[in-house]
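Visitor: Have a look at the structure that comes next, please.
No lab work stands behind these numbers, since they all come straight from the coordinates. This structure is a prediction, so every number in the text was calculated from the model and none was measured. Virtual Cβ from ideal backbone geometry, glycine too; neighbours counted across all protein chains shown.
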Amino acid sequence: MNVPLEHALLLATAVFGIGLSCALIRRELLFVLLGVEIMLCAAGLALVAGSAAWRQPDGQVFWMLLLAIAAAEVAVGLSLLLHLHRRRRTGDVDELRSLRGE
Amino acid sequence: MEAALPLIPLLPLLGSALILLLGRRLPPAAPGLIATATVAASAAVCLALFPLSAGEGIRARLFVWIAAEGFAAPFGLLFDPLSAPMALMVTAVSALIHLYATGYMREDPSRVRFFVLFNLFVFAMLLIVLADNLAILFVGWEGVGFCSYALIGFWYREPKNAAAGQKAFLVTRVGDVFLLIAMLWLASDLGTLGIREINGAAPALPPDTATAIGVLLLLGAAGKSAQLPLMTWLPDAMAGPTPVSALIHAATMVTAGAYLLCRLNPLLLQSPAAAAAVAAIGALTALYAALSALFQREIKRVLAYSTMSQVGYMLLGAGLGAVGAALFHLIVHAFFKALLFMAAGCVIHLFGGENDITRMGGLKKTKRALFWLFVAGVLCLAGAPLTGGFFSKDAILLAALSRGGWFFALLFGLGIATALLTAVYSFRLLYLVFLGERRASPDAHPHSVPRAMTVPLWPLAALGLFGGLMNLPGGGLLDGWLLPLAAPPEPASHAAEWALAAAAALMVLAGWALAQRRYRGAAPAPETGAARAFRSGLFADELYQRALVRPFKAFSRFCRRVVDGRVIDGGLEGGARLLASSGGWLSRLSNGSVSRYRLALGLGLLGMLGWMMVSVLWP
Amino acid sequence: MNLVAFWIFGGTALLALVLCVTRRNAVHAVLYLLGAFLAIAAILFGLGAPLPAAWQVLVYAGAILVLFLFVLMTLHPPPAMKPRRARELVLPALVAAGNLAGALALVLAGSGGREGLPGYVLPPAALGRALFADAWIGVEAVSFLLLFAAVGAFWLGRREDPPKERP
């Protein structure tokens, strides 16, 4: 028996939920980035499942683009993390309170 | 020849522009000379063109001013038997008064401004007179209003003068609004504003509309002509320089209302009620103003009230349909009233700026020529037999008498009573100013009177005294001239004419006698309460102050304090406070904490996703 | 793909992810994530996407996670891991649960007409053609994005020299 689209989407949603929870709850910037990666991965899963459901290559094409975006995001995100550690000696998101620009 | 018609109004405009542009660079006497020359040239053109105005007259269309779907107002001039004599009178009298003004204003530092406005006034007045349609007439109407305002307040450093100018402007503006309503009504009902077209189409108007428009025209005319109930501005307008009083507030502008009613007389006569209202207002104003004039103490205010009274006669004539008589009186009145005003200006000069007739007297001994000129004016004003004023006033009274019916008999009674009062106050003026002992304070320093101020008086005196020749009773020149426009007066029986002439002459004599008994030689008695009431124009100012100005001011205060202060300001400030507090609340949300922003971002994302889910599950 | 196999890999991935996001030690977390990514790669393969599955292993597991590990090694002191109070977890947990419940509802209310994903396999060559023939403009855009990301990362990661060391 093949996998119904709904099941693939359910798995993707669960993965997305875990990633979102991680990105929202964890205080360490590293884990926030990990959560974002997980969310992107979940989106990719849904895209590939859609591609299979409609027998079209578009979903997989988008998956490839998504991969590149994830790579770019993680490159910039990790640079920011490094920068932050050098400047502030911290990786804790809760300690970053000067975004108000005063 | 016809092509010269636009020159009549344009020459004074040209003079005004020239003085405005060059006035300060030219020698001091130049502005006055330019002004006088252009107006005199205009009068000459008018005289040369006069024969062309017979019958249908001539029209000149310069350009189309307003063109819209189904409506057009060309900038056109109409030179016909009604406008031609009026234009000739306006230009001729204006030229003489301009000449007088060159003398009167020769030392005033603001001569340039004066003559610019003075010439501009003549231009605007000629627009009224020559207008081919009501739109152009209204331009002139507002133009004279503005010039009147600016010239009454000419010496604006005195707050009193500026206030008088504002009062004139505002009060006449009330009348202008009614005129404008009448114009719009006519334009929408008849589709045209052309004066001839309106008069031709007037019989097609429903009677109620005709009455309403007639009453609106009456109110418009009352504003400009200082008739009841919009008369309060004219006595105060005497704050302006004397040539202004002579030209604007005696000879020309205040007669514009009467002229308008003559111009649109066929329309007015469509509604007997409106015509009767015009006649009644005229007669009542004549009596009211004559009573007030009797107790004035300032020479120019006497003349102002007398102007009001005489214009009342003209309205009476217009309301009776006696256009010829009204125009006749208008023209003759312009001559002698200009004469009287300018003579009064000389008198004021000779008494060193003194305006109060109770402190004059005895001028006859030193200034005999001026005395006789003034006598000529007084005789015309009082309507002494064989002067111009006698014939013109009689023509109007005769028209009232020959109409029959109790209403017109009452108006005739008012008119004849006014004639008596007119004689009394005219001779009172003469006695108090020229005869008796000199009562001027010894330190009054008489100014000299330049020749330019006395020369123009002679032709005016001649015109006033012999103006009756224009329109002798029983088929006069003017009535014949106006035949294409207005029906000739109904021929009255010779007996009635003679009886009326005798009665009028009797009134003059009685008035003279009364004035002689009361004012000759004797120092003026102290003022009684009744006299004070009449001197203030029966407290008209006070009445308007209480009935209109104060409630309006109270309403304004209410608006300022409650509507503006509480409602508008309060609403705005309340809104601002609400925004400020909600902004403060929102700014606490954006506290700069990255984790807070992260949470908001995530919640927003979840909201979007949730909405998508809901819209999929329950489409 | 067989439904049972799908849920075996899927369950593995979920378990690994839960363990990943709850670790205190970042290195452990990255390693759990590696497991999850590999399981997801298997699922991608089963859904007829062999090339994405390979890239999943190469790029996600190979490149990105190794980058994470590199960064972790360069950080000193290593990031301190602080516990969170339970109260702060309530709201995010609620939204995650709501999210999942919505997805479940979608599954249960699903169309039902579709028996399962048909056996569809997109060969890598076909994907390449689709990518570079039809979606080339997206490829170009993403390549620019990568370029900008590289520049940005380089700029952010450069060592700020103290002024005194300048000649």
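Visitor: If r is the Cβ-Cβ distance from B:D108 to B:R577 and R0 is 41 Å, what FRET efficiency results, to the nearest 0.05?
Guide: Calculated value: 0.10.
Visitor: Further question: Could you tell me which of the pairs B:K160/B:K393; B:K160/B:K553; B:K160/B:K364; B:K167/B:K367; B:K160/B:K367; B:K224/B:K367 are separated by over 25 angstrom between their Cα atoms in the structure shown?
Guide: Over 25 Å Cα-Cα: B:K160/B:K393; B:K160/B:K364; B:K167/B:K367; B:K160/B:K367; B:K224/B:K367.
Visitor: Over every pair of different alpha-carbon atoms in segment C:1-79, take the mean of 1/r and invert it; report that Kirkwood radius in Å. Can you show the working numbers first?
Guide: Working: mean 1/r = 0.0760 Å⁻¹.
In segment C:1-79 this quantity evaluates to 13.2 Å.
Visitor: Expressed as a fraction of 2.2 N^0.38 Å, the rule-of-thumb size for a compact globular protein of N residues, what is the C-alpha radius of gyration of the protein assembly as shown?
Guide: Normalised Rg, Cα atoms only: 1.71.
Visitor: Turning to a different aspect of this structure: Return the sequence-ordered ³J(HN,Hα) values of segment B:265-273 in whole Hz as given by the Karplus equation 6.51 cos²θ - 1.76 cosθ + 1.60 applied to θ = phi - 60°, using x for Gly and Pro.
Guide: Values per residue, Gly and Pro as x: 4, x, 5, 4, 6, 4, 10, x, 5 Hz.
Visitor: Okay, moving on. Simple spin-label model, 7 Å along Cα-to-Cβ: B:D208 to B:K160 in nm?
Guide: Output for this residue pair reads 5.0 nm.
Visitor: Residues of B:581-591, mean number of Cβ from any other protein chain within 10 Å of their own Cβ, rounded to a whole number?
Guide: Across the residues of B:581-591, the mean count of other-chain Cβ atoms within 10 Å is 1.
Visitor: Largest first and in whole Å, what are the equivalent-ellipsoid semi-axes of segment A:5-90 based on the Cα gyration tensor, each being the root of 5 times an eigenvalue?
Guide: Square roots of five times the eigenvalues give 30, 16, 4 Å.
Visitor: To continue, here is another question. Give me a single rounded figure for C:7-15: the average over its residues of other chain Cβ atoms within 10 Å of their Cβ.
Guide: Values: counts 4, 0, 1, 9, 2, 0, 8, 5, 0.
Counting other chains' Cβ atoms within 10 Å and averaging over C:7-15 gives 3.
Visitor: Taking 0.36 nm per intervening residue step and subtracting the Cα-Cα distance, what contour gain separates B:C559 from B:L506 on full extension?
Guide: Gain on extension, B:C559 to B:L506, equals 13.3 nm.
Visitor: Just going by the charge dipole of the protein assembly as shown, with Lys and Arg at +1 and Asp and Glu at -1 on Cβ, which of B:L373, C:L75, B:A226 is farthest out on the positive end?
Guide: Of the listed residues, the answer is C:L75.
Visitor: Which cross-chain or sequence-distant (5 or more) residues have an amide H under 5 Å from the amide H of B:E298, H modelled 1.01 Å from N in plane?
Guide: Excluding prolines and chain starts, which carry no amide H, the hits are B:I357.
Visitor: If contacts are Cα pairs under 8 angstrom and at least 6 residues apart, what is the relative contact order of chain B in percent?
Guide: Relative contact order of chain B: 12 percent.
Visitor: For segment B:1-78, state which trypsin sites (Lys or Arg not before Pro) are in a DSSP loop and have at most 14 other beta carbons lying within 10 Å of their beta carbon.
Guide: Here the trypsin sites (Lys or Arg not before Pro) that fit, given the DSSP loop and packing criteria, are B:R24, B:R25.
Visitor: Excluding B:E298 itself, what net charge comes from residues whose Cβ is under 12 Å from its Cβ, given Lys and Arg +1 and Asp and Glu -1? Don't jump to the answer; show the numbers that get you there.
Guide: Working: positive: B:R297, B:K300, B:R301, B:R359, B:R535; negative: B:D236, B:E354, B:D356.
Charge balance near B:E298 sits at +2.
Visitor: I need to check one value: relative contact order of chain A, counting alpha carbon pairs closer than 8 Å and at least 6 residues apart, in percent. It would help to have the intermediate numbers written out before the result.
Guide: Values: 87 pairs, mean separation 26.8, N = 102.
Once divided by the residue count of chain A, the mean separation gives 26 percent.
Visitor: For segment B:588-598, in order, what is each residue's ³J(HN,Hα) by Karplus, 6.51 cos²θ - 1.76 cosθ + 1.60 with θ = phi - 60°, in whole Hz (x at glycine and Pro)?
Guide: 5, 5, 8, 8, x, 8, 5, 5, 5, 4, 4
Visitor: Amide H to amide H under 5 Å from B:G194: which residues, 5+ apart in sequence or cross-chain, H placed 1.01 Å off N in plane?
Guide: So B:G194 has HN proximity to B:L134.
Visitor: Could you give me the ³J(HN,Hα) list for segment B:125-139, computed from phi with Karplus coefficients 6.51, -1.76, 1.60 and θ = phi - 60°, whole Hz, x at Gly and Pro?
Guide: Ordered by residue, 3J(HN,Hα) equals 5, 5, 4, 4, 5, 9, 4, 8, 9, 5, 5, 5, 4, 5, 4 Hz.
Visitor: Now for a different question. Between C:L15 and A:R88, how high is the FRET efficiency from 1/(1 + (r/R0)^6) when r is the Cβ-Cβ distance and R₀ = 45 Å? Nearest 0.05.
Guide: Efficiency at R0 = 45 Å is approximately 0.85.
Visitor: Further question: So which residue, out of A:S79, A:S21, A:S51, gets the largest mean-square fluctuation from a GNM of chain A using Cα contacts under 10 Å as springs?
Guide: So, out of A:S79, A:S21, A:S51, the one fluctuating most is A:S79.
Visitor: Right, next: In nm, to one decimal, how far is the modelled label at B:F71 from the one at B:W185, with both set 7 Å along Cα→Cβ?
Guide: For B:F71 paired with B:W185, the spin-label model returns 1.6 nm.
Visitor: Could you work out how much longer the chain between C:R129 and C:N25 gets when fully extended? Use 0.36 nm per residue separation minus the Cα distance between them, nm to one decimal.
Guide: On the way: separation 104, 0.36 × 104 = 37.44 nm, distance 4.28 nm.
Taking 0.36 nm per residue and subtracting the Cα distance, the gain is 33.2 nm.
Visitor: Treating only the Cβ atoms of Lys and Arg (+1) and Asp and Glu (-1) as charged, compute the dipole magnitude of the protein assembly as shown about its Cα centre; round to the nearest 20 debye.
Guide: In total the dipole reaches around 3120 debye.
Visitor: Residues of segment B:576-619 with amide nitrogen under 16 Å from the 7 Å Cα-to-Cβ point of A:R97?
Guide: Hits in segment B:576-619 for A:R97 at 16 Å: B:588-598.
Visitor: Determine the principal axes of the Cα atoms in segment B:347-386, then give the extent along each, sorted from largest to smallest and rounded to whole angstroms.
Guide: So the three principal-axis extents are 35, 19, 14 Å.
Visitor: Say each of B:V549 and B:W618 gets a label point 7 Å from the Cα, pointing the same way as Cα to Cβ; how far apart are those two points in nm?
Guide: 7.1 nm
Visitor: Expected output is a single nm value to one decimal: the length gained when fully extending between B:A273 and B:A540, i.e. 0.36 nm times separation in residues minus the C-alpha distance. What is it?
Guide: Working: separation 267, 0.36 × 267 = 96.12 nm, distance 2.62 nm.
Result for the pair: 93.5 nm of gain on full extension.
Visitor: Which semi-axes, in whole Å and largest first, does the equivalent ellipsoid of chain B have when worked out from the alpha carbon gyration tensor as the square roots of 5 times its eigenvalues?
Guide: On the way: eigenvalues 570, 196, 138 Å².
Over the Cα atoms of chain B, the semi-axes work out to 53, 31, 26 Å.
Visitor: For the modelled label position 7 Å from the Cα of C:L69 along Cα-to-Cβ, which residues of segment A:65-97 have backbone nitrogen atoms closer than 11 Å?
Guide: none
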